[in-house]
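The values are calculated or read from the model by the stated rules, or taken from the named source; none is laboratory data. Computed from a predicted model, the values in this text were never measured in an experiment. We place every Cβ from the backbone using ideal geometry, glycine too, and count neighbours over all the protein chains shown. Heavy atoms of the whole protein, side chains included, go into the accessibility calculation; ligands, DNA and RNA do not. Shrake-Rupley method; radii C 1.70, N 1.55, O 1.52, S 1.80 Å.
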Amino acid sequence: MTGKKDSYRQIMKATSVFGGVQVFQILISIIRSKFVAVLLGPTGMGVVGLLTTTTGLVNGLTNFGLGTIAVKSISEAANTGDEKRISTVVTVLRRMVWISGMLGALVTLVFSPWLSEVTFGNREYTLSFIWISVTLLLNQLATGELVTLQALRRIQHLAKANLYGSLVGLFVTVPLYYLFGMDGIVPVIIITAFLTFFFAWYFARKIKLEKVTVSGEKTIAEGKSMMGTGFIISLSGLVALITGYLVRIYINHAGGVDDVGFYTAGFTLINTYVGMVFTAMGTDYFPGLSRVATDNALCRESINQQSEIALLLLAPILIVFLVFVNLAVLILYSSEFLVISGMIYWAALGVFFKAVSWAIAFVFLAKGEGKLYFWNELGGSLYMLVFGVLGFRRGGLDGLGFAFMVSYMVYLIQVFIIAKVKYNFSFDSVFKKIFTIQFLLALLTFVVVNFIGRPYSYLMGIWLIAISSWYSFRELEKRIGIKDLAQNFIRKIKRK
């Protein structure tokens, strides 16, 4: 039982450390967005978005998924305890990110006139793409260092690298936009990429690795394995990007630009604030799962534990969203955006299914099943596209939220069946109980906020938030001993 509690505590430790950083980064993002909106206006924000989105697509084509597959490779090496093997894999990764980064920079440089034409409808931004081509190299080099920190579970250093990069970036961004306006966009993009790389490099250098000599043949052999599987992963990411793009194109065609804006705002809201939990947990979860990938029983235990923690943390947050979504929209956007409330209601319920399917899908990567992962994600993207189009056609913005929920319900069934057949995966009774209770509480909240008038819906909603929070606390206490951890923390403070 002690070993199991330690496992739960490791999940919570990584989540709390990186989750705190995520909260801080969200605050920085809000502050930066406000300043950019004021100093550059909608046009400036649009230019920034188009430049970064375009280079992001190029990066998706040329990064070979190294940011994901290398986590598995280094984690597996770390699991052997062989310091020489760990150093070899890290050395190969650092060489591979140079190659993929240079490729991305070269593609952006060579095709800069065409990228400007396709993105902006003219060639006025050719020089901008030429300058920011260097960011594809810097970002890929940063990825190599951050991946090393993640795979070796240096969570504190990883958190600091992200935190310092965001904070210093904020202090650089605002003055440059204030002084140079639109002319500051390209310098800000380049400097931000450099800062991200610098802090990633600085903290990664704190890891003491054994000095090894890796031949060209060894680099090619190791790198070929990484890039082969990684390329399939990068294709999966591109499919998701293309799917999102096609859904937006349809919404624009069938509705209008405003509807595209509402769609973007709604899912940005829920993905940003709920997504921080996924990001925080995924930072330690994938390396840990990769370490036990050869043992189906340990994989099953790890997935169930991660799913339990995900639901216990997310459920109260999602119920808060359901109760106070209108208030959140007014604070972060304006009264014009209140039309997205219905969409967020459905999407919040969909996150329950997303959380569980997310935990299972990682096992395909952990086991090195790159092709299976690609086909699985392709299926998920197709559900999003088909249900998204049908949802908007039948129910407008609310239909998009409903489509999100249905897509992840179907996707969960898909990943469960695949994992069941290939790896003998199953949910344990404890997880089923947690899911049932928390989802029913969320469903009851959904009914309350949609069919009972204010202020009674708020009063009942607050009670439901309290019940969900109490249940989550009770279950977390069983797994990690929150009270004991709090008392130990207080004792440490008193000693200081």
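Pairs under 7 Å by beta carbon, first residue free of Cβ contacts under 8 Å to residues at least 40 places away in the same chain in segment 66-94, partner surrounded by fewer than 20 Cβ atoms within 10 Å (Cβ to Cβ) and assigned to a helix (DSSP H, G or I), six or more apart or different chains?
Every condition considered, the pairs that remain are Ala77/Arg85.
Within the bounds of segment 151-168, is there any residue that is free of Cβ contacts under 8 Å to residues at least 24 places away in the same chain and over 21 Å from the mean Cα position of the chain (by Cα)?
The answer is no, given that none of the residues of segment 151-168 is free of Cβ contacts under 8 Å to residues at least 24 places away in the same chain and over 21 Å from the mean Cα position of the chain (by Cα).
Contact list please: Cβ distance under 6 Å, first residue in segment 241-258 and under 18 Å from Asn271 (Cβ atoms) and assigned to a helix (DSSP H, G or I), second residue at pLDDT 75 or above and among the polar types (S, T, N, Q), pairs at least six apart or on different chains.
Listed pairs, sorted by first residue: Thr243/Ser381.
For segment 137-150, give me each residue that is among the β-branched types (Val, Ile, Thr) and under 17 Å from the mean Cα position of the chain (by Cα).
Thr143, Val147
Among the candidates Ala403, Ala366, which residue alone is of a type in the set (A, V, I, L, M), open to solvent by less than 40 Å² (accessible area, probe 1.4 Å) and under 30 Å from Phe446 (Cβ atoms)?
Going through Ala403, Ala366 in turn, just one is of a type in the set (A, V, I, L, M), open to solvent by less than 40 Å² (accessible area, probe 1.4 Å) and under 30 Å from Phe446 (Cβ atoms): Ala403.
Would you say Ala159 is modelled with pLDDT of 90 or more, surrounded by 18 or more Cβ atoms within 10 Å (Cβ to Cβ) and in a helix (DSSP H, G or I)?
Spelling it out, it is not the case that Ala159 is modelled with pLDDT of 90 or more, surrounded by 18 or more Cβ atoms within 10 Å (Cβ to Cβ) and in a helix (DSSP H, G or I).
Given the criterion open to solvent by 30 Å² or more (accessible area, probe 1.4 Å), modelled with pLDDT of 60 or more and under 17 Å from the mean Cα position of the chain (by Cα), identify the matching residue among Gly56, Gly81, Gly65. Quick ask: steps written out before the conclusion?
Numbers: Gly81 fails: under 17 Å from the mean Cα position of the chain (by Cα); Gly65 fails: open to solvent by 30 Å² or more (accessible area, probe 1.4 Å).
Being open to solvent by 30 Å² or more (accessible area, probe 1.4 Å), modelled with pLDDT of 60 or more and under 17 Å from the mean Cα position of the chain (by Cα) holds for just one of Gly56, Gly81, Gly65, which is Gly56.
Every residue in segment 438-457 that is assigned to a helix (DSSP H, G or I), open to solvent by 40 Å² or more (accessible area, probe 1.4 Å) and not hydroxyl-bearing (Ser, Thr, Tyr), please.
Hits for segment 438-457 are Leu440, Leu443, Leu444, Val447, Asn450, Phe451.
Return the pair list, or none, for Cβ contacts closer than 6 Å from residues in segment 456-480 that are of a type in the set (Lys, Arg) to residues that are part of a helix (DSSP H, G or I), at least 6 apart or on different chains.
That search, which allows pairs on different chains as well, returns Arg479/Tyr8.
Given Tyr383, Tyr411, which one is open to solvent by less than 50 Å² (accessible area, probe 1.4 Å), modelled with pLDDT of 90 or more and assigned to a helix (DSSP H, G or I)?
So the residue among Tyr383, Tyr411 that is open to solvent by less than 50 Å² (accessible area, probe 1.4 Å), modelled with pLDDT of 90 or more and assigned to a helix (DSSP H, G or I) is Tyr411.
Exactly one condition in (1) within 22 Å of Ala200 (Cβ to Cβ); (2) free of Cβ contacts under 8 Å to residues at least 40 places away in the same chain; (3) part of a loop (DSSP other than H, G, I, E, B) is false for Leu137; which is it?
Result: Leu137 passes all but (3).
Within segment 252-261, restricting attention to residues that are open to solvent by less than 60 Å² (accessible area, probe 1.4 Å) and at pLDDT below 75, which residue is farthest from the chain's Cα centre (by Cα)? Quick ask: steps written out before the conclusion?
At the first step, the residues of segment 252-261 found to be open to solvent by less than 60 Å² (accessible area, probe 1.4 Å) are 254-256, 259-261.
Checking which are at pLDDT below 75 leaves us with 256, 260-261.
On the way: Gly256: 28, Val260: 22, Gly261: 21 Å.
Step by step, filter segment 252-261, then rank; the result is Gly256.
Take segment 267-304 and flag every residue that is part of a helix (DSSP H, G or I), open to solvent by 10 Å² or more (accessible area, probe 1.4 Å) and at pLDDT 85 or above.
Asn296, Ala297, Leu298, Arg300, Glu301, Ser302
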